[in-house]
Amino acid sequence: MLNQSKPNRLFKLGLLVNPYAGIGGALALKGSDGVEIREKALALGAEKKALDKTRLTLEHILPIKDQVQLYVASGEMGETLAKDMGFNYSVVYQPENTQTESQDSEATAKALLAHQVDLILFAGGDGTARNVCHVVGNSVPVLGVPAGCKIHSAVYAITPAAAGRVLKQVIKGEIVSVSDAEVMDIDEALFRKGKVNARQFGEMQVPTELRYIQAVKMGGKESDELVLADIAAHIIEIIEDNPEHLFIMGSGSTVEFVMQELGIENTLLGVDVIKNRQLLASDVTASELLILTMNQSCKLVLTLIGGQGHIIGRGNQQLSADFLKRLDKDNILLVATKTKLSNLSGRPLIVDSGDTHVDLQLSGLISIITGYHDQVLYPIANLNLSIKDTV
C-alpha cells in the first residue's frame, strides 16, 4: 500500500526517459532496440516523442509540483523536461554520449535507487522496462509511461495521461495499492519477420489503479476460423462496394485473416494499403501513408489488442494523428470476435494517438464488426480529460 502523506516532506520522484523509445514505430521498423536501428530511424527523419509523452504525464502534477523533488539524468533523459516545466530537480547521472544506450538507463536506475526515491517514473517501451527491472526489481515502486513501439509489459499505464493521474494520486498521499506486474519483451529480430516471441523477464511493483494500468497483452491468433471468415466476408463486401476507396489495413491477426481471404500478402505487424482488392503498398511508414492518402477517400480496418483493448497507439504508430484527422469515425472499420471483446470484461477500448483532440473525437461508442452483418456497439474511453478536471 502506497501512502506518501508526510508533513513537510517532498515526494522524491525519480524520472528516467529513454529519448529514443518508439522512434522506429512510425517508420515501420518494429522497434528501436540497437544502435543500427536508431541510426537508420534518425537518418529517415524519425521524431523523438518520448519527452512529449512524458510531458503529458508530468502536466498532471504541475498543480502540486511544490510537493515534488525530481531526480533525473542529464539532457534528454530527464533534465531538459524538468527544467522546462519548472520542477525542482537534481541531476544524478550524466551519459557519456549523446545517443543513450541501455546501460545509461540501468545506470540512471542505480543512481535513483542510491538517492532513495519514493517512486521511479520511466518512459519507454518493453526494452526500457527490462533495463529498469534488471536494476530495481521490486525494491521500489515504478510506473511506466508508454512511449515505445512494444508495450507488452503490465508496468505501463494505458496512456501518458493515465500515468499522470496515478502519479498524482500517489503524490497527494491517497491510499493506492501496489502489486507485482510482469515485465515482458519480444525478440525484435523475429518481430520484424512477422513472428511474436514474448517472454517474461521479471516483475516490478506498480501502483494498482485498474482504470489506468494496462494488462499484459494476450498473444496468439484467433482460433474460431468460422467467426473470422464471417468478419472477413463482411469487410470484403464493403471493399467491393467501394472500389474508389483506399483501405488502410492495420496490424493484427484478425486483419491478417481478412487479407488472407482477399488473397493478398499481408504485413502482420505493419500497415498495408489496398484498393479494389489490389495491394498498393505494404508495410508503409507514417509519412508514406500521409502521401498515399492525400485527397483520397479512405477507410481504416483495425482490430484491438487482446486483453488490453488498445486500437490506436500500440504497434501501429504509422497511423499518425495527422492521418486520423482525415478520417470520419464512421470510416473506421473495427473488427473483433465477441470472445475477444468479452475478454476485456467490460473495460473500454483505448485510443492513444498522441493528440488529445483526436483522442476526444474518437471517444464514445463505436460499431464493431463481429461477424457477417453482425455488429455491436462498444465504448472508446476518453482518458485525456483536461488537467482542470483532475485537480
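The values are calculated or read from the model by the stated rules, or taken from the named source; none is laboratory data. Quick caveat, the model's predicted, so the values are computed rather than measured. Positions of Cβ are backbone-derived with ideal geometry, glycine not excepted, and every protein chain shown enters the neighbour counts.
Hey, any hits in the range 58-66 for a residue that's under 23 Å from the mean Cα position of the chain (by Cα), farther than 14 Å from residue 11 by Cβ, buried (at least 19 other Cβ atoms within 10 Å of the Cβ) and not charged (D, E, K, R)? No, the range 58-66 has no match at all.
Counting residues that are farther than 22 Å from residue 184 by Cα, which strands (runs of 3 or more DSSP E) fully inside the range 63-150 reach at least 1?
Numbers: elements: 68-73, 88-93, 119-124, 142-146.
In the range 63-150, the matching strands (runs of 3 or more DSSP E) lie at 68-73, 88-93.
Return yes when residue 261 is touching a helix residue (DSSP H, G or I) at 6+ places or on another chain (Cβ under 6 Å) and more than 19 Å from residue 377 (Cβ to Cβ) and no when it is not. Here the answer is yes, as residue 261 does meet what is asked.
Could you check how many residues of the range 285-308 are within 30 Å of residue 338 (Cα to Cα) and among the charged types (D, E, K, R)? Number of matching residues: 1.
For residue 157, state whether it is assigned by TED's automatic domain parsing to the domain that holds residue 72 and under 12 Å from the mean Cα position of the chain (by Cα). Don't jump to the end; show me each part of the working.
On the way: assigned by TED's automatic domain parsing to the domain that holds residue 72: yes; under 12 Å from the mean Cα position of the chain (by Cα): yes.
Yes.
Applying the condition of being hydrophobic (A, V, I, L, M, F, W, C) and part of a helix (DSSP H, G or I) to the range 345-377 and asking which residue is farthest from residue 57 (Cα to Cα) yields 362. Among the residues in the range 331-344, are any assigned to a strand (DSSP E or B), under 17 Å from the mean Cα position of the chain (by Cα) and at pLDDT 90 or above? No: the range 331-344 contains no residue that is assigned to a strand (DSSP E or B), under 17 Å from the mean Cα position of the chain (by Cα) and at pLDDT 90 or above.
Filtering the range 249-272 to residues that are farther than 14 Å from residue 334 by Cα and either outside the structural domain of residue 370 (by TED's automatic domain parsing) or outside any helix (DSSP H, G or I) (or both) leaves 263, 264, 265, 266, 267, 268, 269, 270, 271, 272.
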